[in-house]
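The values are calculated or read from the model by the stated rules, or taken from the named source; none is laboratory data. If you're wondering where the values come from, they're calculated on a predicted model, not measured in any experiment. FYI the Cβ positions are ideal-geometry reconstructions off the backbone, even for glycines, and counts take in every protein chain you see.
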Amino acid sequence: MTDGRYVLLGAPGAGKGTQAQLVCQRRGLTHLSTGDLLRAAVQAGTAAGLAAKQHMEAGRLVPDDVVFEVLFERLGAAGSGRAASGGFLLDGFPRNRAQAEELDRRLAALGTPLDRVADLTVPDAILLQRLTGRRSCRGCGRSFHLDFLPPRAAGLCDGCGGPLEQRSDDTAAVVSERLAVYRRQTAPLREFYASRGLLVSVDGHREVGVVADELLARLVPLPQPQPSSRRA
Ligand code: AMP
């Protein structure tokens, strides 16, 4: 169990969702994905969901105030220990400078600043292939890939047996808009966090378990046991 606060940055298709699930399971962190929270809001037909829907379908960023609304009540709960764990890993947030600054302010108010940020890097040519082969479970949201992480039974979730589906924003046209938005608005956050000494860069173009092991070691390292101070 870890009670730190972490961010996973990376382009769409870099593997943030898959890696965040693995890292959170291993470290007992709460996984907070703004994409998942927004999709749930759309599904539930809430006011936030209605405001988000058209932006998501076009591959654009959802307005900041809508994202803050769905995220910050969860974040407060996780950061104050009221969620499953005191620690959390943010996946897909922040996506622009205003969101990064707002996150800093909220965490400062809770007295719990970020511990570390990982940037998951993957060559552009690979991102498109990854996104179009991506599938997720309609029941539990678990992620798969037709080529790289296939389910044991075609079309069915290994975890809950639910049907797998393709996200509507994983089509080629919407994907190219999402990648353009990422380069323009999100990629500059690497510098934002590097200048604060928080950033580690992890090569995401490797086998899933290898990437997860490096994230565990460099993003969410376990505390080293202290040498005993007792004399022999
Ligand atoms: P994701 O699942 O992280 O790829 O997000 C899917 C879509 O949700 C994005 O293309 C955006 O439209 C929206 N979204 C997710 N997170 C954010 C965020 N932090 N800020 C604005 N829009 C977001």
Q) Among Val220, Val202, which is the only one that is surrounded by 15 or more Cβ atoms within 10 Å (Cβ to Cβ) and assigned to a loop (DSSP other than H, G, I, E, B)? A) Val220
Q) Can we say Ala212 is part of a helix (DSSP H, G or I) and surrounded by 15 or more Cβ atoms within 10 Å (Cβ to Cβ)? A) yes
Q.
With the requirement that a residue be more than 15 Å from the ligand (Cβ to nearest atom), polar (S, T, N, Q) and either surrounded by 21 or more Cβ atoms within 10 Å (Cβ to Cβ) or assigned to a helix (DSSP H, G or I) (or both), what does segment 22-38 give you?
A. Gln25
Q: State all residues of segment 142-166 that are surrounded by 15 or more Cβ atoms within 10 Å (Cβ to Cβ) and within 20 Å of Gly59 (Cβ to Cβ); if no residue qualifies, say none.
A: Ser143, His145
Q: Please specify each residue of segment 112-164 satisfying the condition of being in contact with a Pro (Cβ under 8 Å, 6 or more places away or on another chain) and part of a helix (DSSP H, G or I).
A: Leu127, Leu131
Q | Test: residue in segment 84-97 that is within 14 Å of the ligand (Cβ to nearest atom), loosely packed, with under 15 Cβ neighbours inside 10 Å and among the hydrophobic types (A, V, I, L, M, F, W, C) | A | no
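More than 16 Å from the chain's Cα centre (by Cα) and either of a type outside the set (Asp, Glu) or not in a strand (DSSP E or B) (or both), is that true of Ala109?
Yes.
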Q) Taking Val7, is it touching a strand residue (DSSP E or B) at 6+ places or on another chain (Cβ under 8 Å), touching a residue at least 60 places away in the same chain (Cβ under 8 Å), part of a helix (DSSP H, G or I) and not aromatic (Phe, Trp, Tyr)? A) no
Q.
Six or more apart or on different chains, Cβ atoms under 6 Å: show the pairs whose first residue is in segment 53-74 and under 16 Å from Val181 (Cβ atoms) and modelled with pLDDT under 95 and whose second is of a type in the set (Gly, Ala, Ser) and not in a helix (DSSP H, G or I).
A. none
Q | Check on Ala78, closer than 19 Å to Gly17 by Cα, surrounded by 15 or more Cβ atoms within 10 Å (Cβ to Cβ) and either modelled with pLDDT under 95 or within 11 Å of the ligand (Cβ to nearest atom) (or both) | A | yes
Q.
Out of the residues in segment 44-60 meeting the condition of being surrounded by fewer than 20 Cβ atoms within 10 Å (Cβ to Cβ) and among the aliphatic types (A, V, I, L, M), tell me which one is nearest to the ligand (Cβ to nearest atom).
A. Ala58
Q.
Residue pairs, Cβ under 8 Å, 6 or more apart or interchain, first in segment 136-163 and free of Cβ contacts under 8 Å to residues at least 12 places away in the same chain, second part of a loop (DSSP other than H, G, I, E, B). List them.
A. Arg152/Asp158; Leu156/Gly162
Q | Residue ID - nearest to the ligand (Cβ to nearest atom), chosen from residues in segment 178-198 that are in contact (Cβ under 8 Å) with a residue 40 or more places away in the chain, more than 18 Å from Ile126 (Cβ to Cβ) and assigned to a helix (DSSP H, G or I) | A | Val181
